[in-house]
Amino acid sequence: MGIGIAIMAMVSLGGLGEGITEQMEAFAGGGVHLVGMEAGASMDLSTIDQEKVRRIDRLPRVRHAEGFLTGYAQVGALPYFVVFGYRPRGQMIGDFQIVEGERLATSRQIIIGRVAADNLDKRVGETLRVFESTFRIVGIYETGVPFEDGGGVISLRAAQNLFGQPRKVSFLGIQVKDPLNAEEVIRQIERRFPSVSISRASEFSQDVVDLQMMQDATWAIALLALLVGSAGMTNTMVMSVFERTQEIGVLRALGWSRLRVVGMVLRESIALSLLGGAVGVATGVGMIGVINALPFFEGLAQATFSLGLFAQALFTALVLGALGGTYPAWRASHLEPVEALRYE
Amino acid sequence: MPSEIIVETQDLVKVYSNGTKVRALDGVDMQIAKGEFVSVQGPSGSGKSTLLNMIGALDRPSKGKALVGGRDLAQVRDLDTFRARTVGFVFQLHNLIPTLTARENVEVPMVGHRGRGERRERAEELLRLVGLGHRMDHLPNQLSGGQRQRVAVARALANEPEIILADEPTGDLDTETGAEVVSLMQELNRELGSTFIVVTHDPSVARQADRILTMCDGKIVDEHRVGTPFEEDLAEFRRSGLGQAIIEGEAESLQQFDTQEERRVLQRLLEEGGR
């Protein structure tokens, strides 16, 4: 059970981490080659002066650079409603595919994601209050990125007013003229604007400090759970060997070598561990499914489960089983037959 | 002894030190011929099981030698293979693995020595030999005490050992079932020619053997070929306190035993049996 719980933690946290990374990559993608944010800042505190965005846009090797703002607000029953601020006539807003209604036009309008519309039970034509401002819902979009579909888009200016960030953006998306020269463009921008950190869109998640911290924390928690699970496994196997002292004495009396006894105990330990691992994988996936089904999580925490994660989880279970069974196996093999036979 | 000597001990001593020193074996010299059915009898604590453990290489002597098939066990490097191939054990409490079927229990000693198919075939053959061909797939808790002990005997024969060591094989069985198990061992002794060494505190079981070694306080105090029941009763009587008193003519000791008339009858018995 200890191994199962540990593997469940590993799979669920790992799946969440992978999901968030995927979302970040999708969020940062959408037709841009490079993504910029404030150097060294966490995602929710990144601010870049809009003037810098304009200057980057004018660089010879840059086809187009555009900034956008993100922020969080509690809207209705949703504690984490992501608000995106884009230029209504910009290129990047085109990633938000309108499936109902029309595109954003003015600063008193909002388009919301399909998930947000369902969670808030809102339709086109209704209004939505964000902080002290009221917006008219003119359209519903779908992007396939959970935390985008769980939020809404207003004009950049409206977002800057809403969050008190005049002439600021959180991120910028850059299209370069020649993608093969992307690295050179990155160096050029970072040299000229040291306060801006640029990443390839596909590698954005790797350069985001708080994502890295989150992943490190995820693995630290999973590692802790695995250590606890391993200790539990060792304890279980030690108890098993203890209870089967006489049986092991019989095996030794019948001619089983120490090595064969070690093999038997290790095989049992690994089998138990793999079983726990399989249950842990299933439980981890199931638990994330339950969490995802909760309304306020639906547009936020979408886990992605890769075959690599499952393979990693089962391999970890196997290793834990082997490690956890090592001491009990050694102990079992060193029981003297005559003493073990007398044990009651 | 006409046959080859298969088991021999020379001044075998075993001392256990658990706080106080216990001299479980105090210089045991004995020989057992190949194909013999020998019982080792004596009261609890006489050293019978310790002697068996020495012969079966389950324990090491403090002094002296135990030789099996002419080999000094102290010189044998691979005792696991010795225990698997040269001796077979039958324990008092059968010690079957509870989660394995009768067939699987019999296969256990053969793991690592025979292939899977061969193990299965041999296990089935042995179970049929001991009369349990119809119980091969039963778990130990689905078998009677006598049946479990038969499985234990079959398991002991798995690797065709030269010697079967049985430690109180009937100790946990009723008289009738115990007699069946001993009868089975006798039959196997005759059919297969395996040497049987049976430790028991039950004289009726001991008398089923060809020869009886009697132990007391870690020594062999008597050794003889099994005679008629009367001869055995007489021998046992001689070893008893009353018998000793009559043999030695100790008038004072005699006083503590029964009536004058009974003592006269017993004395006559002794005379008839020949002192």
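The values are calculated or read from the model by the stated rules, or taken from the named source; none is laboratory data. Computed from a predicted model, the values in this text were never measured in an experiment. With ideal geometry, Cβ positions are generated from the backbone for all residues, glycine too; neighbour counts draw on all protein chains shown.
For the structure I just gave you, tell me whether residue B:33 is more than 10 Å from chain A (Cβ to nearest Cβ), among the aliphatic types (A, V, I, L, M) and touching a Ser or Thr at 6+ places or on another chain (Cβ under 7 Å). Criteria met by residue B:33. In the stretch B:153-177, the residues that are within 13 Å of another protein chain (Cβ to nearest Cβ) form Cβ pairs under 9 Å with partners that are in a loop (DSSP other than H, G, I, E, B) and aromatic (Phe, Trp, Tyr), at six or more places apart or across chains, as follows: B:166/B:91; B:167/B:91; B:168/B:91.
Taken as a whole, the condition of being assigned by TED's automatic domain parsing to the domain that holds residue B:49, crowded, with 21+ Cβ neighbours inside 10 Å and aliphatic (A, V, I, L, M) does not apply to residue B:156.
Among (1) at pLDDT below 95; (2) under 27 Å from residue A:53 (Cα atoms), there is one condition residue A:79 misses while meeting the rest; what is its number? So the condition that residue A:79 fails would be (2). One residue stands out among those in the stretch A:189-226 that are at pLDDT 80 or above and in a helix (DSSP H, G or I): the one that is surrounded by the most Cβ atoms within 10 Å (Cβ to Cβ), which is A:189. One residue alone among B:88, B:69 is small (Gly, Ala, Ser), under 23 Å from residue B:188 (Cα atoms), touching a strand residue (DSSP E or B) at 6+ places or on another chain (Cβ under 9 Å) and at the interface with chain A (Cβ under 10 Å from one of its Cβ atoms), and that residue is B:88. Residue B:46 meets each of the listed conditions (1) more than 30 Å from residue A:259 (Cβ to Cβ); (2) assigned to a strand (DSSP E or B) apart from (2).
Note on the stretch A:227-259: among residues that are more than 25 Å from residue B:86 (Cα to Cα) and within 13 Å of chain B (Cβ to nearest Cβ), the one that is surrounded by the fewest Cβ atoms within 10 Å (Cβ to Cβ) is A:243. Collect the residues in the stretch A:54-92 that are closer than 14 Å to residue A:34 by Cα and either part of a strand (DSSP E or B) or not assigned by TED's automatic domain parsing to the domain that holds residue A:36 (or both), keeping them in residue-number order. A:62, A:63, A:64, A:65, A:66, A:67, A:68, listed by residue number. Whenever a residue of the stretch A:110-130 is over 13 Å from residue A:146 (Cα atoms), its partners that are acidic (Asp, Glu), lying with C-beta atoms within less than 6 angstrom and at least six residues away or across chains, give the pairs A:124/A:100. Under the condition of being in contact with a strand residue (DSSP E or B) (Cβ under 9 Å, 6 or more places away or on another chain) and assigned to a helix (DSSP H, G or I), the residues counted in the stretch B:72-83 number 4. Every condition in (1) surrounded by fewer than 18 Cβ atoms within 10 Å (Cβ to Cβ); (2) acidic (Asp, Glu); (3) at the interface with another protein chain (Cβ under 9 Å from one of its Cβ atoms); (4) in contact (Cβ under 8 Å) with a residue 40 or more places away in the chain holds for residue B:78 except the one numbered (4).
Quick grid of which residues meet (1) more than 9 Å from chain A (Cβ to nearest Cβ); (2) farther than 14 Å from residue A:250 by Cα; (3) not in a strand (DSSP E or B):
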{"site": "B:92", "(1), (2), (3)": "yes, no, yes"}
{"site": "B:95", "(1), (2), (3)": "no, no, yes"}
{"site": "B:106", "(1), (2), (3)": "yes, no, yes"}
{"site": "B:109", "(1), (2), (3)": "no, no, yes"}
{"site": "B:126", "(1), (2), (3)": "yes, yes, yes"}
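Restricting the search to helices (runs of 4 or more DSSP H) fully inside the stretch B:192-275 and requiring at least 1 residues that are among the basic types (Lys, Arg) and at pLDDT below 70 gives B:229-239, B:260-273.
Of all residues in the stretch A:260-286, those satisfying the criterion of being under 29 Å from residue B:162 (Cβ atoms) and more than 9 Å from chain B (Cβ to nearest Cβ) are A:261, A:262, A:263, A:264.
Hey, any hits in the stretch B:40-49 for a residue that's modelled with pLDDT of 90 or more, surrounded by 15 or more Cβ atoms within 10 Å (Cβ to Cβ) and within 10 Å of chain A (Cβ to nearest Cβ)? Yes, some residue in the stretch B:40-49 is modelled with pLDDT of 90 or more, surrounded by 15 or more Cβ atoms within 10 Å (Cβ to Cβ) and within 10 Å of chain A (Cβ to nearest Cβ).
Quick one: which of A:97, A:74 is touching a residue at least 24 places away in the same chain (Cβ under 8 Å) and either surrounded by fewer than 17 Cβ atoms within 10 Å (Cβ to Cβ) or touching a Pro at 6+ places or on another chain (Cβ under 7 Å) (or both)? Result of the check over A:97, A:74: A:97.
The helices (runs of 4 or more DSSP H) found entirely in the stretch A:231-344 that carry 2 or more residues being over 22 Å from the mean Cα position of the chain (by Cα) are A:245-253, A:258-293, A:307-333, A:337-342.
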